[in-house]
Amino acid sequence: MENKFLVQAVRGMNDVLPANIAGWERLERVTRELFAAYGFEEMRLPIVEHTSLFKRAIGEFTDIVEKEMYTFTDTGGDSLTLRPEATAGVVRAAITNGMLRGARLKLWTSGPMFRHERPQKGRYRQFHQIDVESIGFPGPDIDAELIAMTARLWKQLGITRVKLKINSLGTSEARRAYREILVAYFRQHQAVLDADSLRRLEGNPLRILDSKNPDMQAVISGAPLLTDHLDPESRDHFDTLCAMLAAAGIEYVVDPRLVRGLDYYSRTVFEWVTDALGAQDAICSGGRYDGLITQLGGEATPAIGFAMGVERVVELLSQVEEEPEPPSADVYVVTAGERAQRAALGIVEGLRDAMPDVTLHVNLGGGNLKKQFARADKSGALLALVLGDGELERGVAALKPLRHEAGQSECALEDLADRIPALLVELAGSPEEL
Ligand code: HAM
(Lines give C-alpha, C1' and ligand atoms only; values in the text may rest on other atoms or scores of the structure.)
Protein backbone atom coordinates (compact mmCIF):
# COMPACT_ATOMS: atom_id res chain seq x y z
CA MET A 1 0.00 0.00 0.00
CA GLU A 2 1.28 3.44 -0.83
CA ASN A 3 2.42 5.36 2.22
CA LYS A 4 1.84 9.05 1.68
CA PHE A 5 4.19 9.94 4.52
CA LEU A 6 7.13 8.10 2.97
CA VAL A 7 9.63 10.46 1.39
CA GLN A 8 10.99 8.91 -1.81
CA ALA A 9 14.38 9.55 -3.38
CA VAL A 10 14.33 12.18 -6.14
CA ARG A 11 13.60 10.57 -9.52
CA GLY A 12 16.77 9.68 -11.41
CA MET A 13 18.95 9.94 -8.28
CA ASN A 14 20.23 6.68 -6.85
CA ASP A 15 21.48 5.32 -3.56
CA VAL A 16 24.62 3.22 -3.79
CA LEU A 17 24.10 0.47 -1.24
CA PRO A 18 26.79 -1.63 0.49
CA ALA A 19 26.04 -4.58 -1.82
CA ASN A 20 27.04 -2.44 -4.79
CA ILE A 21 29.94 -0.47 -3.39
CA ALA A 22 32.73 -2.90 -4.32
CA GLY A 23 32.69 -1.96 -8.03
CA TRP A 24 32.77 1.76 -7.21
CA GLU A 25 35.73 1.32 -4.88
CA ARG A 26 37.58 -0.85 -7.37
CA LEU A 27 37.09 1.68 -10.18
CA GLU A 28 38.16 4.53 -7.90
CA ARG A 29 41.28 2.68 -6.76
CA VAL A 30 42.36 1.51 -10.22
CA THR A 31 41.83 4.94 -11.84
CA ARG A 32 43.63 6.75 -9.01
CA GLU A 33 46.71 4.53 -9.45
CA LEU A 34 46.58 4.60 -13.23
CA PHE A 35 46.25 8.39 -13.43
CA ALA A 36 49.17 8.85 -11.03
CA ALA A 37 51.28 6.51 -13.18
CA TYR A 38 50.59 8.79 -16.18
CA GLY A 39 51.42 11.93 -14.19
CA PHE A 40 47.91 13.23 -13.46
CA GLU A 41 47.10 15.10 -10.24
CA GLU A 42 43.76 15.19 -8.47
CA MET A 43 41.74 18.32 -7.83
CA ARG A 44 38.39 18.73 -6.06
CA LEU A 45 35.90 21.33 -7.20
CA PRO A 46 32.57 22.82 -6.12
CA ILE A 47 29.39 21.14 -7.29
CA VAL A 48 27.74 24.53 -7.79
CA GLU A 49 29.01 27.18 -10.22
CA HIS A 50 27.61 30.36 -11.75
CA THR A 51 25.05 29.50 -14.42
CA SER A 52 26.89 31.74 -16.89
CA LEU A 53 29.92 29.42 -16.76
CA PHE A 54 27.98 26.52 -18.26
CA LYS A 55 26.10 28.72 -20.72
CA ARG A 56 29.36 30.05 -22.09
CA ALA A 57 31.31 26.78 -21.98
CA ILE A 58 28.79 24.16 -23.06
CA GLY A 59 26.81 26.43 -25.41
CA GLU A 60 23.39 28.13 -25.26
CA PHE A 61 21.84 25.82 -27.85
CA THR A 62 22.93 22.47 -26.45
CA ASP A 63 20.37 20.12 -24.89
CA ILE A 64 22.22 20.40 -21.59
CA VAL A 65 21.92 24.18 -21.33
CA GLU A 66 18.52 24.47 -23.01
CA LYS A 67 16.64 21.97 -20.89
CA GLU A 68 18.70 19.85 -18.53
CA MET A 69 20.34 22.14 -16.01
CA TYR A 70 19.39 22.30 -12.33
CA THR A 71 19.47 26.07 -12.04
CA PHE A 72 18.29 28.11 -9.09
CA THR A 73 18.59 31.60 -7.66
CA ASP A 74 20.23 31.67 -4.25
CA THR A 75 19.13 34.00 -1.48
CA GLY A 76 21.73 36.54 -2.62
CA GLY A 77 20.06 36.72 -6.04
CA ASP A 78 22.81 34.87 -7.97
CA SER A 79 21.85 32.37 -10.63
CA LEU A 80 23.67 29.14 -9.78
CA THR A 81 23.67 25.71 -11.39
CA LEU A 82 24.46 22.20 -10.16
CA ARG A 83 27.30 21.20 -12.48
CA PRO A 84 26.14 19.07 -15.42
CA GLU A 85 29.75 18.14 -16.24
CA ALA A 86 33.24 18.82 -14.92
CA THR A 87 35.28 20.39 -17.74
CA ALA A 88 33.86 23.91 -17.36
CA GLY A 89 34.68 23.88 -13.63
CA VAL A 90 38.21 22.56 -14.18
CA VAL A 91 38.91 25.32 -16.72
CA ARG A 92 37.32 27.96 -14.47
CA ALA A 93 39.49 26.76 -11.56
CA ALA A 94 42.67 26.72 -13.68
CA ILE A 95 42.02 30.32 -14.73
CA THR A 96 40.88 31.74 -11.40
CA ASN A 97 43.69 30.04 -9.46
CA GLY A 98 46.34 31.37 -11.85
CA MET A 99 47.39 27.87 -12.90
CA LEU A 100 47.73 28.56 -16.64
CA ARG A 101 50.65 30.90 -17.54
CA GLY A 102 52.10 28.54 -20.11
CA ALA A 103 51.78 25.59 -17.73
CA ARG A 104 51.24 22.02 -18.78
CA LEU A 105 48.62 20.61 -16.46
CA LYS A 106 47.53 17.01 -16.11
CA LEU A 107 44.48 16.99 -13.86
CA TRP A 108 41.69 14.70 -12.81
CA THR A 109 38.61 15.11 -10.69
CA SER A 110 35.47 13.15 -9.88
CA GLY A 111 32.07 13.45 -8.30
CA PRO A 112 28.35 13.83 -8.93
CA MET A 113 26.98 15.67 -11.99
CA PHE A 114 23.36 16.69 -12.56
CA ARG A 115 21.29 16.67 -15.75
CA HIS A 116 17.51 16.76 -15.87
CA GLU A 117 17.29 14.05 -18.54
CA ARG A 118 14.56 11.43 -18.93
CA PRO A 119 15.78 8.69 -16.58
CA GLN A 120 16.28 5.17 -17.93
CA LYS A 121 18.77 2.36 -17.42
CA GLY A 122 22.23 3.95 -17.47
CA ARG A 123 20.86 7.49 -17.68
CA TYR A 124 20.30 9.32 -14.43
CA ARG A 125 19.67 12.84 -13.18
CA GLN A 126 22.43 12.59 -10.62
CA PHE A 127 25.27 10.53 -12.04
CA HIS A 128 29.01 10.42 -11.39
CA GLN A 129 31.94 11.14 -13.62
CA ILE A 130 35.65 10.52 -13.35
CA ASP A 131 37.05 13.35 -15.43
CA VAL A 132 40.54 13.85 -16.82
CA GLU A 133 41.87 17.07 -18.40
CA SER A 134 45.25 17.85 -20.01
CA ILE A 135 45.74 21.58 -20.37
CA GLY A 136 48.60 23.18 -22.32
CA PHE A 137 49.35 20.35 -24.74
CA PRO A 138 48.62 20.95 -28.42
CA GLY A 139 48.73 17.22 -29.33
CA PRO A 140 48.21 14.94 -31.13
CA ASP A 141 50.62 13.01 -28.89
CA ILE A 142 48.62 13.79 -25.75
CA ASP A 143 45.40 12.87 -27.57
CA ALA A 144 46.92 9.45 -28.26
CA GLU A 145 48.25 9.11 -24.71
CA LEU A 146 44.86 9.85 -23.15
CA ILE A 147 43.22 7.28 -25.35
CA ALA A 148 45.97 4.74 -24.58
CA MET A 149 45.41 5.37 -20.86
CA THR A 150 41.69 4.61 -21.19
CA ALA A 151 42.45 1.47 -23.23
CA ARG A 152 44.77 0.33 -20.45
CA LEU A 153 42.06 1.02 -17.88
CA TRP A 154 39.61 -1.35 -19.59
CA LYS A 155 42.35 -3.96 -19.72
CA GLN A 156 43.11 -3.58 -16.02
CA LEU A 157 39.42 -3.84 -15.17
CA GLY A 158 38.88 -6.88 -17.37
CA ILE A 159 36.35 -5.02 -19.53
CA THR A 160 36.43 -6.28 -23.12
CA ARG A 161 33.12 -5.42 -24.76
CA VAL A 162 34.16 -1.88 -25.72
CA LYS A 163 34.87 -0.14 -29.00
CA LEU A 164 36.62 3.17 -29.63
CA LYS A 165 35.09 5.71 -32.01
CA ILE A 166 37.07 8.78 -33.04
CA ASN A 167 36.50 11.78 -35.28
CA SER A 168 37.84 15.25 -35.91
CA LEU A 169 35.65 18.35 -35.75
CA GLY A 170 38.37 20.62 -37.18
CA THR A 171 38.97 24.16 -35.99
CA SER A 172 36.03 26.35 -35.08
CA GLU A 173 36.54 28.29 -38.35
CA ALA A 174 36.40 25.12 -40.42
CA ARG A 175 33.34 24.04 -38.48
CA ARG A 176 31.64 27.37 -39.09
CA ALA A 177 32.17 26.97 -42.85
CA TYR A 178 30.90 23.38 -42.70
CA ARG A 179 27.90 24.50 -40.69
CA GLU A 180 26.80 26.80 -43.54
CA ILE A 181 27.08 23.89 -45.97
CA LEU A 182 25.11 21.65 -43.61
CA VAL A 183 22.38 24.23 -43.00
CA ALA A 184 22.00 24.73 -46.77
CA TYR A 185 21.68 20.94 -47.20
CA PHE A 186 19.08 20.51 -44.45
CA ARG A 187 17.08 23.48 -45.74
CA GLN A 188 16.72 21.62 -49.03
CA HIS A 189 15.23 18.74 -47.04
CA GLN A 190 13.28 20.80 -44.53
CA ALA A 191 10.07 18.86 -45.16
CA VAL A 192 11.43 15.69 -43.56
CA LEU A 193 13.01 17.36 -40.50
CA ASP A 194 11.26 16.79 -37.15
CA ALA A 195 10.49 19.61 -34.73
CA ASP A 196 13.68 19.11 -32.72
CA SER A 197 15.82 19.26 -35.84
CA LEU A 198 14.03 22.33 -37.19
CA ARG A 199 14.82 24.06 -33.92
CA ARG A 200 18.45 22.95 -34.14
CA LEU A 201 18.79 24.17 -37.72
CA GLU A 202 19.49 27.69 -36.47
CA GLY A 203 21.32 27.10 -33.20
CA ASN A 204 23.13 23.78 -33.48
CA PRO A 205 22.73 22.09 -36.88
CA LEU A 206 25.55 19.59 -36.23
CA ARG A 207 23.39 17.97 -33.57
CA ILE A 208 20.82 17.02 -36.24
CA LEU A 209 23.39 14.42 -37.36
CA ASP A 210 22.98 12.79 -33.94
CA SER A 211 19.20 12.36 -34.25
CA LYS A 212 17.91 8.84 -33.60
CA ASN A 213 14.60 9.52 -35.42
CA PRO A 214 14.27 6.63 -37.93
CA ASP A 215 12.34 8.82 -40.41
CA MET A 216 15.34 11.12 -40.73
CA GLN A 217 18.11 8.56 -41.17
CA ALA A 218 18.02 8.73 -44.97
CA VAL A 219 18.43 12.51 -45.08
CA ILE A 220 21.12 12.33 -42.39
CA SER A 221 23.15 9.70 -44.20
CA GLY A 222 23.08 11.84 -47.33
CA ALA A 223 24.38 14.94 -45.48
CA PRO A 224 27.82 16.33 -46.34
CA LEU A 225 30.53 15.09 -43.97
CA LEU A 226 32.60 17.35 -41.75
CA THR A 227 35.55 15.05 -42.41
CA ASP A 228 35.49 16.21 -46.04
CA HIS A 229 35.69 19.87 -44.97
CA LEU A 230 38.52 19.78 -42.44
CA ASP A 231 41.22 22.47 -42.51
CA PRO A 232 44.66 21.06 -43.47
CA GLU A 233 46.17 21.37 -39.94
CA SER A 234 43.27 19.50 -38.39
CA ARG A 235 43.56 16.86 -41.11
CA ASP A 236 47.26 16.45 -40.26
CA HIS A 237 46.54 16.36 -36.54
CA PHE A 238 43.94 13.64 -37.06
CA ASP A 239 46.08 11.56 -39.42
CA THR A 240 48.96 11.63 -36.92
CA LEU A 241 46.64 10.60 -34.09
CA CYS A 242 45.34 7.68 -36.17
CA ALA A 243 48.92 6.63 -36.96
CA MET A 244 49.92 6.80 -33.30
CA LEU A 245 46.95 4.72 -32.20
CA ALA A 246 47.69 2.15 -34.89
CA ALA A 247 51.35 2.03 -33.82
CA ALA A 248 50.25 1.44 -30.21
CA GLY A 249 47.99 -1.40 -31.32
CA ILE A 250 44.81 0.41 -30.22
CA GLU A 251 41.85 -0.47 -32.41
CA TYR A 252 39.51 2.34 -33.42
CA VAL A 253 36.74 3.17 -35.82
CA VAL A 254 36.58 6.58 -37.49
CA ASP A 255 32.98 7.72 -37.12
CA PRO A 256 32.38 10.85 -39.20
CA ARG A 257 29.01 11.34 -37.46
CA LEU A 258 30.49 11.56 -33.96
CA VAL A 259 29.81 15.22 -33.09
CA ARG A 260 29.31 15.24 -29.28
CA GLY A 261 26.68 17.17 -27.34
CA LEU A 262 28.80 20.03 -26.01
CA ASP A 263 29.87 23.01 -28.09
CA TYR A 264 33.42 23.47 -26.85
CA TYR A 265 35.06 20.75 -28.89
CA SER A 266 37.52 21.26 -31.72
CA ARG A 267 39.57 18.69 -33.63
CA THR A 268 39.80 15.31 -31.86
CA VAL A 269 36.66 13.82 -30.33
CA PHE A 270 36.31 10.25 -29.11
CA GLU A 271 33.90 7.93 -27.40
CA TRP A 272 34.22 4.42 -25.95
CA VAL A 273 30.97 2.54 -26.50
CA THR A 274 29.76 -0.89 -25.42
CA ASP A 275 27.04 -3.24 -26.64
CA ALA A 276 26.55 -4.59 -23.12
CA LEU A 277 24.44 -1.81 -21.59
CA GLY A 278 21.56 -1.19 -23.98
CA ALA A 279 20.71 2.26 -25.33
CA GLN A 280 23.06 4.24 -23.09
CA ASP A 281 26.16 2.83 -24.70
CA ALA A 282 28.80 5.57 -24.15
CA ILE A 283 30.97 4.79 -21.13
CA CYS A 284 33.74 7.33 -21.67
CA SER A 285 33.86 10.29 -23.98
CA GLY A 286 35.72 13.49 -24.59
CA GLY A 287 37.79 15.51 -26.95
CA ARG A 288 39.94 18.53 -27.60
CA TYR A 289 38.72 22.00 -26.63
CA ASP A 290 41.41 24.39 -27.84
CA GLY A 291 39.12 27.46 -27.85
CA LEU A 292 37.38 27.05 -24.49
CA ILE A 293 39.97 28.64 -22.23
CA THR A 294 40.00 31.95 -24.14
CA GLN A 295 36.23 31.81 -24.34
CA LEU A 296 36.15 31.73 -20.53
CA GLY A 297 38.62 34.59 -20.18
CA GLY A 298 41.95 32.75 -19.90
CA GLU A 299 44.99 33.00 -22.12
CA ALA A 300 44.87 30.89 -25.29
CA THR A 301 45.78 27.34 -24.21
CA PRO A 302 45.13 24.08 -26.03
CA ALA A 303 43.48 21.32 -24.01
CA ILE A 304 41.88 17.91 -24.23
CA GLY A 305 40.05 15.66 -21.78
CA PHE A 306 37.43 13.02 -21.25
CA ALA A 307 34.98 11.81 -18.65
CA MET A 308 33.66 8.37 -17.91
CA GLY A 309 30.23 7.64 -16.50
CA VAL A 310 30.92 5.81 -13.24
CA GLU A 311 27.48 4.11 -13.02
CA ARG A 312 27.90 2.70 -16.53
CA VAL A 313 31.46 1.43 -15.99
CA VAL A 314 30.47 -0.10 -12.64
CA GLU A 315 27.55 -1.86 -14.32
CA LEU A 316 29.97 -3.29 -16.90
CA LEU A 317 32.30 -4.35 -14.10
CA SER A 318 29.48 -6.21 -12.37
CA GLN A 319 29.05 -8.26 -15.54
CA VAL A 320 32.66 -9.45 -15.47
CA GLU A 321 33.03 -9.94 -11.72
CA GLU A 322 31.65 -12.21 -9.06
CA GLU A 323 29.60 -10.57 -6.33
CA PRO A 324 32.05 -9.94 -3.49
CA GLU A 325 31.42 -11.46 -0.08
CA PRO A 326 30.45 -8.95 2.60
CA PRO A 327 33.45 -8.10 4.81
CA SER A 328 33.77 -10.62 7.61
CA ALA A 329 35.19 -10.15 11.08
CA ASP A 330 38.30 -11.91 12.40
CA VAL A 331 37.14 -11.74 15.99
CA TYR A 332 33.61 -11.35 17.40
CA VAL A 333 33.44 -9.97 20.91
CA VAL A 334 30.80 -11.58 23.14
CA THR A 335 29.99 -10.23 26.60
CA ALA A 336 28.46 -11.99 29.59
CA GLY A 337 27.36 -9.81 32.46
CA GLU A 338 26.74 -6.12 33.00
CA ARG A 339 30.23 -5.17 34.12
CA ALA A 340 31.77 -6.97 31.18
CA GLN A 341 29.44 -5.15 28.82
CA ARG A 342 30.56 -1.81 30.24
CA ALA A 343 34.25 -2.76 30.15
CA ALA A 344 34.12 -4.19 26.61
CA LEU A 345 34.52 -0.91 24.70
CA GLY A 346 37.69 0.06 26.55
CA ILE A 347 39.25 -3.40 26.13
CA VAL A 348 38.36 -3.57 22.43
CA GLU A 349 39.62 -0.04 21.67
CA GLY A 350 42.94 -1.01 23.32
CA LEU A 351 43.08 -4.13 21.16
CA ARG A 352 42.33 -2.10 18.01
CA ASP A 353 45.35 0.11 18.84
CA ALA A 354 47.59 -2.88 19.46
CA MET A 355 46.46 -5.04 16.51
CA PRO A 356 45.44 -2.65 13.70
CA ASP A 357 45.27 -5.47 11.13
CA VAL A 358 42.68 -7.53 13.01
CA THR A 359 38.99 -6.83 12.38
CA LEU A 360 36.94 -6.89 15.57
CA HIS A 361 33.16 -6.80 15.61
CA VAL A 362 31.69 -6.11 19.03
CA ASN A 363 28.29 -7.52 19.90
CA LEU A 364 25.87 -4.60 20.01
CA GLY A 365 22.40 -4.49 21.42
CA GLY A 366 22.83 -7.11 24.15
CA GLY A 367 21.25 -10.56 23.90
CA ASN A 368 21.88 -13.84 25.72
CA LEU A 369 24.98 -15.92 24.94
CA LYS A 370 23.10 -18.13 22.47
CA LYS A 371 21.99 -15.11 20.48
CA GLN A 372 25.45 -13.51 20.62
CA PHE A 373 27.14 -16.71 19.39
CA ALA A 374 24.61 -16.93 16.55
CA ARG A 375 25.59 -13.40 15.51
CA ALA A 376 29.27 -14.31 15.91
CA ASP A 377 28.75 -17.23 13.56
CA LYS A 378 27.00 -15.03 10.98
CA SER A 379 29.80 -12.45 11.12
CA GLY A 380 32.22 -14.94 9.56
CA ALA A 381 34.66 -14.55 12.48
CA LEU A 382 37.16 -17.32 13.17
CA LEU A 383 37.35 -16.55 16.85
CA ALA A 384 35.09 -15.30 19.66
CA LEU A 385 36.57 -13.23 22.44
CA VAL A 386 34.34 -13.83 25.45
CA LEU A 387 34.37 -11.19 28.16
CA GLY A 388 32.57 -12.33 31.31
CA ASP A 389 32.23 -10.66 34.70
CA GLY A 390 33.93 -13.56 36.55
CA GLU A 391 36.85 -13.79 34.11
CA LEU A 392 37.42 -10.05 34.08
CA GLU A 393 37.66 -10.08 37.86
CA ARG A 394 40.53 -12.55 37.51
CA GLY A 395 42.12 -10.43 34.73
CA VAL A 396 41.44 -12.98 31.99
CA ALA A 397 39.14 -13.50 28.98
CA ALA A 398 38.12 -16.59 27.04
CA LEU A 399 39.03 -17.28 23.41
CA LYS A 400 36.76 -19.67 21.56
CA PRO A 401 37.47 -20.84 17.99
CA LEU A 402 34.20 -20.71 16.04
CA ARG A 403 34.93 -22.86 13.02
CA HIS A 404 37.10 -25.56 14.59
CA GLU A 405 36.72 -28.37 17.05
CA ALA A 406 39.38 -26.89 19.36
CA GLY A 407 38.01 -25.92 22.76
CA GLN A 408 37.91 -22.62 24.56
CA SER A 409 41.07 -21.32 26.24
CA GLU A 410 41.77 -18.59 28.74
CA CYS A 411 44.16 -15.72 28.14
CA ALA A 412 45.37 -12.92 30.43
CA LEU A 413 43.97 -9.57 29.29
CA GLU A 414 47.43 -8.11 28.83
CA ASP A 415 48.44 -11.02 26.55
CA LEU A 416 45.41 -10.79 24.24
CA ALA A 417 47.12 -8.54 21.69
CA ASP A 418 49.87 -11.16 21.21
CA ARG A 419 47.74 -14.28 21.52
CA ILE A 420 44.87 -13.28 19.16
CA PRO A 421 46.97 -12.63 16.00
CA ALA A 422 48.96 -15.83 16.59
CA LEU A 423 45.79 -17.87 17.13
CA LEU A 424 44.18 -16.36 14.00
CA VAL A 425 47.17 -17.45 11.91
CA GLU A 426 46.90 -20.99 13.33
CA LEU A 427 43.14 -21.13 12.75
CA ALA A 428 43.37 -19.81 9.19
CA GLY A 429 46.24 -22.21 8.37
CA SER A 430 44.91 -25.55 9.65
CA PRO A 431 41.16 -25.82 9.35
CA GLU A 432 40.38 -29.32 10.65
CA GLU A 433 42.72 -30.70 13.27
CA LEU A 434 42.91 -27.90 15.85
P1 HAM B 1 29.61 13.71 -21.84
O2 HAM B 1 29.68 12.84 -23.07
O3 HAM B 1 28.45 14.60 -21.73
O4 HAM B 1 30.96 14.52 -21.79
O5 HAM B 1 29.65 12.78 -20.56
C6 HAM B 1 30.73 11.89 -20.33
C7 HAM B 1 30.22 10.54 -19.87
O8 HAM B 1 29.36 10.71 -18.73
C9 HAM B 1 29.35 9.81 -20.88
O10 HAM B 1 30.13 9.07 -21.79
C11 HAM B 1 28.54 8.90 -19.99
O12 HAM B 1 29.29 7.73 -19.70
C13 HAM B 1 28.38 9.71 -18.71
N14 HAM B 1 27.04 10.33 -18.65
C15 HAM B 1 26.63 11.46 -19.25
N16 HAM B 1 25.34 11.75 -18.93
C17 HAM B 1 24.94 10.76 -18.10
C18 HAM B 1 23.71 10.47 -17.40
N19 HAM B 1 22.64 11.28 -17.49
N20 HAM B 1 23.65 9.36 -16.63
C21 HAM B 1 24.72 8.55 -16.52
N22 HAM B 1 25.90 8.77 -17.13
C23 HAM B 1 26.02 9.86 -17.92
C24 HAM B 1 31.28 15.40 -20.80
O25 HAM B 1 30.65 15.54 -19.79
C26 HAM B 1 32.57 16.14 -21.04
N27 HAM B 1 32.78 17.10 -19.94
C28 HAM B 1 33.73 15.17 -21.15
C29 HAM B 1 35.02 15.88 -21.39
C30 HAM B 1 36.00 16.09 -20.47
N31 HAM B 1 35.41 16.47 -22.51
C32 HAM B 1 36.59 17.04 -22.34
N33 HAM B 1 36.95 16.83 -21.11
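The values are calculated or read from the model by the stated rules, or taken from the named source; none is laboratory data. Since the model is a prediction, treat every value here as computed from it, not as a measurement. Cβ: placed from backbone, ideal geometry, glycine included. Neighbour counts: every protein chain shown. Ligands, DNA and RNA are excluded from the accessible area calculation, which covers all protein heavy atoms including side chains. Shrake-Rupley method; radii C 1.70, N 1.55, O 1.52, S 1.80 Å.
Going from most exposed to least, what order do ARG352, ARG342 have by accessible area with a 1.4 Å probe?
Reading off the accessible areas and sorting them downward yields ARG342, ARG352.
Determine how large the accessible area of ILE250 is when every protein chain is in place; take a 1.4 Å probe and give Å² rounded to the nearest 10.
Estimated to the nearest 10 Å², ILE250 gives 20 Å².
How many Å² of accessible area per residue for the chain, probe 1.4 Å?
Here the per-residue accessible area is 50 Å².
Please work out the FRET efficiency for the pair GLU325 and VAL183, using the Cβ-Cβ distance as r and a Förster radius of 35 Å; give the result to the nearest 0.05.
With R0 = 35 Å, the Cβ-Cβ based efficiency is 0.05.
DSSP loop (so not H, G, I, E, B), at most 14 other Cβ within 10 Å: list which GluC sites (Glu not before Pro) in the stretch 1-70 pass both filters.
Filter output for the stretch 1-70: GLU2, GLU60.
Check ILE130: other-chain or 5+ apart residues with amide H under 5 Å from its amide H, H built from backbone geometry?
MET308, VAL310
With springs only between Cα atoms under 10 Å, which of GLY337, GLY12, GLY297 fluctuates most in a Gaussian network model of the chain?
Maximum among the listed residues: GLY337.
How are the alpha carbon pair distances in the chain distributed across 10 Å bins from zero to the largest one, expressed in percent?
Each 10 Å bin holds this share of Cα pairs: 4, 17, 22, 19, 13, 11, 9, 4, 1, 0.
Using R₀ = 30 Å, calculate the FRET efficiency as 1/(1 + (r/R₀)^6) where r is the Cβ-Cβ separation of ILE47 and GLN217; round to 0.05.
Calculated transfer efficiency: 0.20.
Let me cross-check LEU6: its accessible surface, 1.4 Å probe, with only protein heavy atoms counted, in Å² to the nearest 10?
Surface accessible to solvent at LEU6 totals approximately 100 Å².
Tell me the carbon and sulfur percent of the accessible area for the chain, rounded to whole percent, probe radius 1.4 Å.
Using a 1.4 Å probe with all protein chains present, the chain comes out at 51 percent carbon and sulfur.
Once you have the Cα-Cα distance between ASP141 and ALA428, take 0.36 nm times their residue separation minus that, and quote the gain in nm to one decimal.
That works out to 98.2 nm of additional length.
R0 = 60 Å: FRET efficiency of ASP353 with ALA279, Cβ-based, nearest 0.05?
E(calc), rounded to 0.05, equals 0.70.
May I ask you to give the average projected area over all directions of the convex hull of the Cα atoms of the stretch 331-425, in nm² rounded to one decimal?
Projected area, direction-averaged: 5.5 nm².
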